[in-house]
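Heads up: the structure comes next, in structure tokens.
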Ligand SMILES: [Zn+2]
Ligand SMILES: [Zn+2]
């Protein structure tokens with residue numbers, strides 16, 4: 001893309017931004033403004049958001065989003081397209097309609113900066129888990145912003161002094177998804193309707209401006225920028241203030257230890273099958289005595305770590321083939337074709353017998369799994385894939401003998417640019 005700007009009318013430090021890649025998570029009220037700011041600063045922008053634009057929030061979005069033409073479009077794809085004419089020469093913008101659960105640590109690690117513009121605590125906590133799983137020296141800077149009524153805030157961190165979870169009240173994170181059954185699969189609840197948070201478009205755009213300013217200052221290397229929170233308070237108590245957040249005692253986020261070593265698998269989770277992964281891992285470990293842990297997704301205080309092969313229709317009770325990861329399965333997914341056609345809903349009030357669930361994958365796993373791609377088996381793009389060697393240990397009492405090696409697919413960060421939807 002050729003730039004439309006006259007460089008003489010722009011800041012002298014602008015070339016510092018040309019090589020920078022920024023990932024913006026959330027492309028709504030704050031994210032659309034943040035994307036506009038970063039693109040105009042002269043950096044590349046990627047966006048992730050599963051949602052689409054609605055008319056009722058039109059007064060909160062950046063003017064790059066057109067009203068009413070863009071109503072109904074996926075936010076991330078739409079904003080990436082709308083900012084494209086504003087990009088600096090050589091820069092790119094790309095949007096992916098996806099839930100954050102579809103991304104792993106290695107995609108996040110491939111950016112220079114991440115701006116987290118989401119308003120729910122579960123997504124912030126999940127992002128923090130991914131972020132803290134990245135070895136410290138490869139962590140990008142993270143900027144997290146938010147609004148409350150007319151107030152706006154933004155915090156920037158390098159992942160060395162405190163984590164994002166240090167900034168969240170643990171009480172906000174307590175409402176884990178209710179289990180629908182005492183046995184069987186963990187079925188992820190569809191994220192509930194958020195309570196309406198009243199905030200203005202002005203507060204959203206100021207939050208995005210604060211984030212952009214923190215990013216700008218970090219890139220030009222200004223002093224006392226990192227690990228600070230900036231807060232804007234509207235009239236009648238107008239103020240702009242800077243504070244230094246403190247690490248939280250016993251923070252579960254700070255306890256996450258990134259793997260010491262990450263080995264490479266050739267290809268990406270989109271094209272490597274389980275069979276191929278088993279071969280590549282066996283070559284790397286020089287043994288066939290290992291198992292690959294099914295991806296574990298910790299979301300809203302619930303761990304989803306199983307792959308469901310078979311279950312029963314949760315409407316009529318008939319056996320069905322599922323072949324989905326627990327964390328990507330919702331209750332209505334557990335229905336037979338007849339019940340889907342007849343629009344019968346899955347029932348919460350019945351305790352169905354447990355299905356067939358795998359927690360580890362080996363060469364002895366169900367043959368149908370061998371030709372499935374790692375992504376279809378539940379591994380996100382950029383996942384850390386945990387491989388466990390028991391070395392003769394019988395159970396976890398024998399922990400000392402069990403070793404874990406982490407693998408990742410080398411093509412995953414690049415593949416992010418080849419998709420527009422992840423589901
Ligand atoms: Zn922490
Ligand atoms: Zn049925």
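The values are calculated or read from the model by the stated rules, or taken from the named source; none is laboratory data. Nothing here was measured: the structure is a model prediction, and the numbers come from that model. Don't worry about glycine lacking a Cβ; one is built from the backbone with ideal geometry, like all the others, and counts go over all protein chains shown.
Key figures for this structure:
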| quantity | calculated |
| --- | --- |
| Unique residue being within 30 Å of residue 215 (Cβ to Cβ), at pLDDT 95 or above, more than 16 Å from ligand 2 (Cβ to nearest atom) and in contact with a helix residue (DSSP H, G or I) (Cβ under 8 Å, 6 or more places away or on another chain) when the list is 242, 269 | 269 |
| Filter result for residue 249 (free of Cβ contacts under 8 Å to residues at least 24 places away in the same chain, assigned to a loop (DSSP other than H, G, I, E, B) and under 23 Å from the mean Cα position of the chain (by Cα)) | no |
| Residues (farther than 23 Å from residue 368 by Cα and within 20 Å of the chain's Cα centre (by Cα)) located in the range 299-331 | 299, 300, 301, 302, 303 |
| Answer from 110, 93, 154 - the residue that is more than 16 Å from ligand 2 (Cβ to nearest atom), surrounded by fewer than 21 Cβ atoms within 10 Å (Cβ to Cβ), assigned by TED's automatic domain parsing to the domain that holds residue 28 and modelled with pLDDT of 95 or more | 110 |
| Search result, residues across the range 385-421 that are touching a helix residue (DSSP H, G or I) at 6+ places or on another chain (Cβ under 6 Å) and modelled with pLDDT of 95 or more | 387, 408, 412, 413, 416, 420 |
| Residues located in the range 1-18, provided they are surrounded by 13 or more Cβ atoms within 10 Å (Cβ to Cβ), out of contact with any helix residue (DSSP H, G or I) (no Cβ under 8 Å at 6 or more places or on another chain) and without any contact (Cβ under 8 Å) to a residue 24 or more places away in the chain | 11 |
| Residues that are part of a loop (DSSP other than H, G, I, E, B) and either over 18 Å from residue 36 (Cα atoms) or in the same structural domain as residue 422 (by TED's automatic domain parsing) (or both), drawn from the range 49-68 | 50, 51, 54, 68 |
| Meets criteria (surrounded by fewer than 20 Cβ atoms within 10 Å (Cβ to Cβ), within 16 Å of ligand 2 (Cβ to nearest atom) and assigned to a strand (DSSP E or B)) for residue 332 | no |
| Test set (1) within 27 Å of residue 108 (Cβ to Cβ); (2) crowded, with 16+ Cβ neighbours inside 10 Å - residue 356 fails condition number | (1) |
| Test for residue 129: is it more than 29 Å from residue 237 (Cα to Cα), in the same structural domain as residue 61 (by TED's automatic domain parsing) and touching a residue at least 60 places away in the same chain (Cβ under 8 Å) | yes |
| Selection from the range 156-174 of residues that are within 12 Å of ligand 1 (Cβ to nearest atom) and assigned to a loop (DSSP other than H, G, I, E, B) | 159, 160, 161, 162, 163, 168 |
| Candidates 217, 203, filtered to the one that is closer than 21 Å to residue 30 by Cα, outside the structural domain of residue 402 (by TED's automatic domain parsing), away from ligand 1 (no atom under 16 Å from the Cβ) and without any contact (Cβ under 8 Å) to a residue 12 or more places away in the chain | 217 |
| Residue tally, condition loosely packed, with under 13 Cβ neighbours inside 10 Å and either part of a loop (DSSP other than H, G, I, E, B) or within 10 Å of ligand 1 (Cβ to nearest atom) (or both), over the range 233-246 | 6 |
| Residue pairs meeting the criteria (Cβ under 7 Å; at least 6 apart or on separate chains; first surrounded by fewer than 20 Cβ atoms within 10 Å (Cβ to Cβ), in the range 44-58; second assigned to a strand (DSSP E or B)) | 52/74 |
| Residue tally, condition in contact with a strand residue (DSSP E or B) (Cβ under 7 Å, 6 or more places away or on another chain) and either outside any loop (DSSP other than H, G, I, E, B) or within 16 Å of ligand 1 (Cβ to nearest atom) (or both), over the range 265-315 | 19 |
| Count of residues meeting criterion [surrounded by 14 or more Cβ atoms within 10 Å (Cβ to Cβ) and more than 10 Å from ligand 2 (Cβ to nearest atom)] in the range 315-329 | 8 |
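Per-residue answers, yes or no, for (1) in the same structural domain as residue 187 (by TED's automatic domain parsing); (2) in contact (Cβ under 8 Å) with a residue 12 or more places away in the chain; (3) surrounded by 18 or more Cβ atoms within 10 Å (Cβ to Cβ); (4) in a loop (DSSP other than H, G, I, E, B):
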site: 340; (1), (2), (3), (4): no, no, no, no
site: 344; (1), (2), (3), (4): no, yes, no, yes
site: 350; (1), (2), (3), (4): no, yes, no, yes
site: 363; (1), (2), (3), (4): no, yes, no, yes
site: 377; (1), (2), (3), (4): no, yes, yes, yes
site: 388; (1), (2), (3), (4): no, yes, no, no
site: 405; (1), (2), (3), (4): no, yes, yes, no
site: 415; (1), (2), (3), (4): no, yes, yes, no
